[in-house]
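Asker: Submitted below is the structure of interest, expressed as structure tokens.
The values are calculated or read from the model by the stated rules, or taken from the named source; none is laboratory data. Please read these numbers as outputs of a predicted model, since none were measured by experiment. Because the Cβ atoms are built from the backbone with ideal geometry, glycine has one as well, and the counts that use them run over all protein chains shown. Areas reflect the complete protein model, heavy atoms only, side chains present, ligands, DNA and RNA absent. Shrake-Rupley method; radii C 1.70, N 1.55, O 1.52, S 1.80 Å.
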Amino acid sequence: MNFTHPSRRDLGRMLGGLVIPGALDAQSTRTESKTDGGKLTLSNTRLAATWSAAGNRLTWTAVSSPKTAKPLALPPDLFALTLEGGRVLRSSELAMAAAPSFAAVSADPKSIRQAGKRNGRALSATFRDEASGATIRWRAVLLDGSAYLRQEVGITAGAKDLPVSQIALW
């Protein structure tokens, strides 16, 4: 083992026996999803993310942690796709193809990733750009015991190619 410049494997060996009390207690940090009118929330004891669904639009409201004094305000867009030529497709300006929905995320005990071994909840929404015919599927995932929110975007072009030059997630 090289203690001066450890590799990832060496770090794993050094930290392999380190357990932070409560860090692996998924029961106490079970992820929940809640709908309150147009307010949608994914939360556990470490993180809460809130969105607003109104007028066939879905926008960010805030992200907070029990360790912070106040929620982190976010811009309204979940994502922005910049197309070649400069046109920007912002989630806050795209109509949803269907109402957003929550779903369970199931753990895979055979996963090689630690995150893959956890259950959780996800919020999904599908958006449609009428001008290009593109469909954009967005999903936010919060796993049990996790202190971060993972976002995923899937893009399906319409009848013509969709020349995406940049994708921004918030």
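Asker: Suppose accessible area is computed on protein heavy atoms with a 1.4 Å probe; arrange LYS67, LYS160, LYS39 from highest to lowest.
Answerer: LYS67, LYS160, LYS39
Asker: Please state the charge dipole magnitude for region 36-170, taken about the Cα centre, from unit charges on C-beta atoms (+1 on K and R, -1 on D and E), reported in debye and rounded to the nearest 20.
Answerer: With only Lys, Arg, Asp and Glu charged at Cβ, the dipole is about 540 debye.
Asker: Now a separate question. Of the accessible area of region 46-170, with the probe set at 1.4 angstrom, what percent is carbon plus sulfur?
Answerer: 52
Asker: Would you mind computing, in nm to one decimal, how far apart the modelled labels at ALA131 and TRP170 are, each placed 7 Å from Cα along Cα→Cβ?
Answerer: Here the answer is 2.0 nm between the modelled labels.
Asker: At 0.36 nm per residue, and after removing the present C-alpha to C-alpha distance, how many nm does the segment from PHE102 to LYS117 gain when stretched out fully?
Answerer: Length gained between PHE102 and LYS117: 3.4 nm.
Asker: Could I ask something else about it? Taking 7 Å along the Cα-to-C-beta vector as the label spot, tell me the GLU93-SER65 distance in nanometres, rounded to one decimal.
Answerer: 3.3
Asker: Can you list the aspartates and glutamates whose alpha carbon is less than 14 Å from that of LYS117, not counting same-chain residues fewer than 8 positions off?
Answerer: In chain and number order, the partners are ASP25, ASP108, ASP144.
Asker: Right, something else. How high is the relative contact order of region 24-170? Use alpha-carbon pairs under 8 Å, at least six apart in sequence, and give a whole percent.
Answerer: That works out to 22 percent.
Asker: From largest accessible area down, sort SER64, SER106; use a 1.4 Å probe on the protein chains.
Answerer: SER106, SER64
Asker: Around LEU40, what is the net charge, scoring Lys/Arg as +1 and Asp/Glu as -1 over all other residues with Cβ under 15 Å from its Cβ?
Answerer: +3
Asker: Here's a follow-up. How big is region 79-152 by the Kirkwood estimate over distinct Cα pairs, in Å?
Answerer: One over the average 1/r among Cα pairs gives 14.1 Å for region 79-152.
Asker: Taking a probe of 1.4 Å, how large is the accessible area per residue of region 30-142, in Å²?
Answerer: Ligands and nucleic acids excluded, the figure is 53 Å² per residue.
Asker: Let me ask another. Taking the dipole about the Cα centre of region 81-170, with the C-beta of Lys and Arg at +1 and of Asp and Glu at -1, give me whichever of SER92, LEU149, THR82 is farthest to the positive side.
Answerer: LEU149
Asker: Want the number for TYR148 to SER52: 0.36 nm per residue separation, take away the alpha-carbon distance, what's left?
Answerer: 32.6 nm
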